[in-house]
1. Just to verify a result, which residue in the stretch 46-63, among those that are of a type outside the set (A, V, I, L, M) and surrounded by fewer than 15 Cβ atoms within 10 Å (Cβ to Cβ), is farthest from Gly21 (Cα to Cα)?
2. Out of all the residues in the stretch 4-27, which are farther than 18 Å from Phe61 by Cβ and out of contact with any helix residue (DSSP H, G or I) (no Cβ under 9 Å at 6 or more places or on another chain)?
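Quick note: the coordinates plus some simple rules give every number you see, no bench work behind them. In this text the structure is predicted, and so the values were computed from the model without any measurement. Here the Cβ is made from the backbone with ideal geometry for all residues, glycine too, and neighbour counts use every protein chain on show.
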Amino acid sequence: MEIPTIVGAGLIVIGAGYGIGRIGGSAMEAIARQPEASGKIQTAMLIAAALIEGIGFAAIFAA
């Protein structure tokens, strides 16, 4: 494996972790403001986090 490939995959994984953290934080704020919508917010959060995590896994396996 070449070093630029490994560095690129690492940056993608770091970005994915940051994105998932932002999604989680934003979802918690939204649930605190509208507790009655928690089910819809959690569903949307989990779907988005799963898609972002899939990109992170693809980056690891592509390296």
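1. So the residue we want is Phe61.
2. Result: Tyr18, Gly21, Arg22, Gly25.
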